[in-house]
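Structure, as structure tokens:
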Amino acid sequence: MHGVGKGGLTDMGREAIVKMEQLGIVVDIAHASHQSVAEVLEMATKPVVASHGGIETAALGSDYDGSTEVAWDTSELAIITQELLNRGYDEDEIYAIMGGNTMRVLAETLPAT
């Protein structure tokens with residue numbers, strides 16, 4: 001977690017969180033400062049994600065979608081899965097990381113159709 005100024009949310013930031021929840025947008029606290037994370041968690045009424053974190057909160061983020069330069073792309077997802085196996089993660093943990101956590105949070109956050 002970092003954030004440019006290392007401070008908390010601005011008034012506009014707090015308004016954005018409220019609006020995102022109203023619109024059914026999942027708030028991702030990755031790249032936020034520690035103070036911002038604390039403030040988001042304090043005010044959130046729906047689950048938030050930290051897309052760069054431990055098993056229960058880990059999920060592949062969209063940093064590899066072409067919006068920024070990274071060392072790999074989606075053609076290498078099988079390599080990531082194999083590396084997780086090599087490092088001792090079990091199938092349930094890999095399922096969670098590779099999309100299960102994302103699906104769970106979206107199901108808990110987005111309105112039912």
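Every read-out reported here was derived from the displayed coordinates using simple, explicitly stated rules and does not represent laboratory data. On a predicted model such as this, the values are computed, not experimentally measured, just so you know. A quick note on method: Cβ atoms are made from the backbone with ideal geometry, for glycine too, and the neighbour counts reach across all protein chains shown.
Quick notes on this structure:
- Neighbours of Val105, meaning other residues whose beta-carbon lies under 11 angstrom from its beta-carbon, give a summed charge of -1 when Lys and Arg score +1 and Asp and Glu score -1.
- Local charge for Gln22 was computed over the other residues whose Cβ lies under 15 Å away, with Lys and Arg +1 and Asp and Glu -1, and equals +1.
- Under-5 Å amide H pairs with Asp28, H placed in peptide plane, nonlocal only: Val49
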